[in-house]
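Here's the structure we're looking at; comments come further down.
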Protein chains: 2
Amino acid sequence: MKGPRIELLCVGTELLSGQVNTHQAYLSTALAAAGLPLAREGSLSDDLAEITGAVREAFKRSDAVLMCGGLGPTFDDITREAVGAALGRKMSFQPALYARIAKKFSRYRLPVPEENKRQAFVISGAEVLPNPFGSAPGQLLKSGRRMIALMPGPYAEMSPMFERHVLPRLKAAYARGRATAHLCVRMSGVPESVADENLEFLTREPAPGQSFTILSSGGQVDFHATVTASSGKSAKSELARLRSRIYEAVGEHVFGEGAETLESAVGKKLRRRGLTLSAAESCTGGGLGRRLTAVPGSSDYFTGGVIAYSNALKRSLLKVSARTLSRFGAVSSHCAREMAEGVRKACGSDLGISVTGIAGPGGGTRQKPVGLVYIGLADKQGARVVKLLRSGEREVVRARAIGAALHLLLRHLDRMRE
Amino acid sequence: MKGPRIELLCVGTELLSGQVNTHQAYLSTALAAAGLPLAREGSLSDDLAEITGAVREAFKRSDAVLMCGGLGPTFDDITREAVGAALGRKMSFQPALYARIAKKFSRYRLPVPEENKRQAFVISGAEVLPNPFGSAPGQLLKSGRRMIALMPGPYAEMSPMFERHVLPRLKAAYARGRATAHLCVRMSGVPESVADENLEFLTREPAPGQSFTILSSGGQVDFHATVTASSGKSAKSELARLRSRIYEAVGEHVFGEGAETLESAVGKKLRRRGLTLSAAESCTGGGLGRRLTAVPGSSDYFTGGVIAYSNALKRSLLKVSARTLSRFGAVSSHCAREMAEGVRKACGSDLGISVTGIAGPGGGTRQKPVGLVYIGLADKQGARVVKLLRSGEREVVRARAIGAALHLLLRHLDRMRE
């Protein structure tokens, strides 16, 4: 069963000047989950001839072409013009669309810049896709069995437009008579290479209709499994069989499925047990709090915390003892323990978590190298501390520390009786 | 002066299944710095017809094609075959090359897997590029003025091969008599569309040899200008002239150049003035602290802060008055002011910054909608508060609030006498 051919074209000179393309990872994952894998990706500079040529070629060999970027109001936003030229279609100014764009500016009492007029030009025959999070509307054009979608460049505008408007139309057009079932199993506390090895019996030579991806970041390993079959029922039952085999192999490391994140899994368990949490951060500087509060409604269980970057604050706000700081230092098991106990008391929460370490690039010594991190967890029974030691760049060390702190919380909550 | 056209093709189904392509960022940066900007990038699955077609097209329209991936020993490593087919060249087994590969295995007392024989096939006329860090040799083929380079997929093997063997050959072939100079000007407190309008006199019709890019994220707008000329001296002097014109147009918004970020610029100004800073965060949950501490050495001026997510902590740790919370609420100008004053006192710092707002998606009302954020800044003279009101997704509202807080700090520090 051969699927439709879908290509992605990302427009923006910045993608060819050092900026990492994260849209490709997001869109390819979402498409694979829908049983519509991406066949090719291209990144193009903001050059009319370049984009026009690439669109013409991609549209010739593919069923659907997805485009990101180049819909802004500025001189280098030329995706609309290039697609019009590639497909030999005229552009027309749509006063009603312009009025909608102007309304967004008036809401903030701003005059509409002359340049934003460009955003009200629509390719002949195209449907306008609403963009509630920015001024650039999307466009979707069908031509026979073929389809081309123009989406804005910023992730926060592109991803909701893709999920609400583009993906449903792709599914309707190309996924008939093909059903897919998708599962994403999320793991923590396990290295990617170990998870990979344990799952190799599935991934080395996938059975027809099955596909797998393994991805890792910030202490979390995600395993995606997609099954394509002729009916939803058979796709689902095959996926259910796969799911059991996946859990047999790596179930002990799994904390959730689907959209679950480490922080949302921690949040659910806290809420279910009626417990509150606070955080004391040194080397992560607020990053753990930021991740915990990325979950809407996290104020139900997260009270807040202390960023104790200086030793003075570790003493005054967290009551870490002078002896601990002078004898063992701020990056020590003792300090992590006292920070966790201290923040729990200062914030009046049931649990207190702490992070102290050496994120680098400077500050490392032979005894305490860059990458050394202590994580403390306190409750009314007492406190425990875990140690991490793996060097890396500053942001990598910090992200790993945050992941490990969330993993420790998760395991602690799992061990408690509900 | 038109430069050579260089394209990059990355081979690997994983790039179309959720893996982030970091080679593109690395190679495009290195090429741009050498005055050889990348014209296009493509990611291809491990499919013979797909790769063959893409190589044929890219080689036709470009001077040089760089390829990464698909040189391994396994069944899905087919870049060699695809390039041979695309260019109509035969492949030949090279016993001497095979002996070199076999020697690497013997060094680790391993038998040579049968599969690795594939790696000793070389495209007719190609030069073999040594790979000291893996078993896959690279290949470089010249055809008239054109060039195609095959490099291995793993970063640790690809990047040394690129730097030692591919980049020098590209420079020798295409960069003679061309030199480039590059400038990135970083701005805050200005909408991208306004910066763009002010710079349009340069960007609308760039002079020959000049190119421009404008990028925006998290409250920051970056303007890149690149000049290509026949000598380093003339490129530099033209860039110096451009720089003055850029500063005439948008200088008031510029906070730095090159690798400067909002948080590093704030840090420099604090350090220069010998001032310390602390932060009180509600809706950003630690994200402002995280950004301030992303700068190595930030402990010199950032003491830490309080994540006052709950009202109880706003009262107990920041001494926000009960009256303020009951009468105006936690999201109010009064509360932001008291949070900034409170954190300054609690942390004993010269400056205190605060953020309180409604990040959404829930919690908004008619009077206080999602996107309403107050930012407070306190010093020994007193405190001031600014208000933001722009809706968006949770993470966008939070990122904007952090950007605005850093911008407020920057402006405040600018106004102080050194």
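Among the residues that make up the stretch A:325-340, is at least one of them within 21 Å of residue B:308 (Cβ to Cβ) and touching a Leu at 6+ places or on another chain (Cβ under 7 Å)? Within the stretch A:325-340, one or more residues are within 21 Å of residue B:308 (Cβ to Cβ) and touching a Leu at 6+ places or on another chain (Cβ under 7 Å).
Taken over the stretch A:329-351, the criterion of being small (Gly, Ala, Ser), crowded, with 17+ Cβ neighbours inside 10 Å and out of contact with any Lys or Arg (no Cβ under 8 Å at 6 or more places or on another chain) is satisfied by A:332, A:336, A:340, A:349. The selection criterion, being in a helix (DSSP H, G or I), assigned by TED's automatic domain parsing to the domain that holds residue B:227, more than 21 Å from residue A:298 (Cβ to Cβ) and in contact with a helix residue (DSSP H, G or I) (Cβ under 6 Å, 6 or more places away or on another chain), holds for residue B:250. With respect to (1) assigned by TED's automatic domain parsing to the domain that holds residue B:134; (2) in contact with a helix residue (DSSP H, G or I) (Cβ under 7 Å, 6 or more places away or on another chain), the lone exception for residue B:189 is condition (1). Of all residues in the stretch B:166-198, those satisfying the criterion of being in a strand (DSSP E or B) and closer than 30 Å to residue B:127 by Cα are B:179, B:180. Every test in (1) out of contact with any His (no Cβ under 7 Å at 6 or more places or on another chain); (2) at pLDDT 90 or above; (3) more than 30 Å from residue A:90 (Cβ to Cβ); (4) buried (at least 17 other Cβ atoms within 10 Å of the Cβ) is passed by residue A:187 save one, and that test is (1).
Do the conditions hold for residue B:267, that is, is it crowded, with 17+ Cβ neighbours inside 10 Å, out of contact with any Leu (no Cβ under 6 Å at 6 or more places or on another chain) and outside the structural domain of residue B:211 (by TED's automatic domain parsing)? When the stated conditions are applied, residue B:267 passes them. Against the test of being under 16 Å from residue A:34 (Cα atoms) and touching a residue at least 12 places away in the same chain (Cβ under 8 Å), the options A:225, A:249 yield a single qualifying residue, A:225. Of the residues screened, residue A:271 is not one that is within 16 Å of residue B:291 (Cβ to Cβ) and in a helix (DSSP H, G or I).
Comparison of B:66, B:15 shows that the only residue that is under 22 Å from residue B:131 (Cβ atoms), part of a strand (DSSP E or B) and touching a residue at least 24 places away in the same chain (Cβ under 8 Å) is B:66.
Each residue in the stretch B:180-222 was checked for being aromatic (Phe, Trp, Tyr) and in contact (Cβ under 8 Å) with a residue 40 or more places away in the chain, and 1 pass. Within the stretch A:379-418, take every residue that is β-branched (Val, Ile, Thr) and over 24 Å from the mean Cα position of the chain (by Cα) and give me the one that is surrounded by the most Cβ atoms within 10 Å (Cβ to Cβ). Checking each candidate, the answer is A:385.
Restricting the stretch B:230-243 to residues that are touching a Gly at 6+ places or on another chain (Cβ under 9 Å) and part of a helix (DSSP H, G or I), the residue that is modelled with the lowest pLDDT is B:235. I'd like to verify a number: residues in the stretch B:29-62 that are among the small types (Gly, Ala, Ser), within 25 Å of residue B:178 (Cα to Cα), at pLDDT 90 or above and not in a strand (DSSP E or B), how many? The number of residues fulfilling the criteria is 2.
Name the single residue that is modelled with the highest pLDDT among those in the stretch B:276-331 being aromatic (Phe, Trp, Tyr) and touching a Phe, Trp or Tyr at 6+ places or on another chain (Cβ under 6 Å). Checking each candidate, the answer is B:302. Looking at the stretch B:329-349, which of its residues are under 19 Å from residue A:278 (Cβ atoms) and more than 9 Å from chain A (Cβ to nearest Cβ)? Matches in the stretch B:329-349: B:330, B:339, B:342, B:343.
Of all residues in the stretch A:288-303, those satisfying the criterion of being touching a strand residue (DSSP E or B) at 6+ places or on another chain (Cβ under 7 Å) and either aliphatic (A, V, I, L, M) or assigned to a helix (DSSP H, G or I) (or both) are A:288, A:289, A:292. Taken together, B:149, B:195, B:136 contain a single residue that is modelled with pLDDT of 90 or more, in the same structural domain as residue B:45 (by TED's automatic domain parsing) and buried (at least 16 other Cβ atoms within 10 Å of the Cβ), which is B:149. Only a single criterion out of (1) touching a residue at least 60 places away in the same chain (Cβ under 8 Å); (2) charged (D, E, K, R); (3) in a helix (DSSP H, G or I) is not satisfied by residue A:260, namely (3). Taking the criterion of being under 15 Å from residue A:150 (Cα atoms) and β-branched (Val, Ile, Thr), the residues of the stretch A:69-122 that qualify are A:78, A:79, A:83, A:122. Whenever a residue of the stretch A:98-110 is in the same structural domain as residue A:128 (by TED's automatic domain parsing) and surrounded by 13 or more Cβ atoms within 10 Å (Cβ to Cβ), its partners that are of a type in the set (D, E, K, R) and in a helix (DSSP H, G or I), lying with C-beta atoms within less than 8 angstrom and at least six residues away or across chains, give the pairs A:98/A:117. Scanning the stretch B:359-383 for residues that are touching a residue at least 40 places away in the same chain (Cβ under 8 Å), in a strand (DSSP E or B) and not hydroxyl-bearing (Ser, Thr, Tyr) yields B:372, B:373, B:376, B:378, B:383. Criterion first (crowded, with 16+ Cβ neighbours inside 10 Å and over 27 Å from residue A:24 (Cα atoms)) does residue A:123 satisfy it? No; evaluated as a whole, the condition is false for this residue. A Cβ distance below 6 Å, combined with a sequence gap of six or more or placement on separate chains, defines the contacts here; from the stretch A:30-53, residues that are on the phi < 0 side of the Ramachandran plot reach residues that are among the polar types (S, T, N, Q) and part of a helix (DSSP H, G or I) in the pairs A:38/A:28; A:41/A:24; A:45/A:13; A:46/A:13. Taking each residue of the stretch A:272-291 that is free of Cβ contacts under 8 Å to residues at least 24 places away in the same chain and over 11 Å from residue A:306 (Cβ atoms) and looking for partners that are buried (at least 24 other Cβ atoms within 10 Å of the Cβ) and not hydroxyl-bearing (Ser, Thr, Tyr) with beta-carbon atoms closer than 6 Å, six or more apart or interchain, yields A:290/B:285; A:290/B:286; A:290/B:287; A:290/B:290. Of all residues in the stretch B:304-328, those satisfying the criterion of being part of a helix (DSSP H, G or I), over 37 Å from the mean Cα position of the chain (by Cα) and either crowded, with 20+ Cβ neighbours inside 10 Å or away from chain A (no Cβ under 13 Å) (or both) are B:322, B:323, B:324, B:325, B:326, B:327. Annotation note: of B:22, B:29, the sole residue that is within 7 Å of chain A (Cβ to nearest Cβ), closer than 18 Å to residue B:175 by Cα and surrounded by fewer than 17 Cβ atoms within 10 Å (Cβ to Cβ) is B:29. Within the stretch A:63-78, identify whether any single residue is at pLDDT 95 or above, surrounded by fewer than 20 Cβ atoms within 10 Å (Cβ to Cβ) and more than 7 Å from chain B (Cβ to nearest Cβ), and answer yes or no. The answer is yes; a qualifying residue exists.
The values are calculated or read from the model by the stated rules, or taken from the named source; none is laboratory data. Since we're looking at a predicted model, the values are computed, not measured. Every residue, glycine among them, receives a Cβ derived from its backbone with ideal geometry; neighbour counts consider all protein chains shown.
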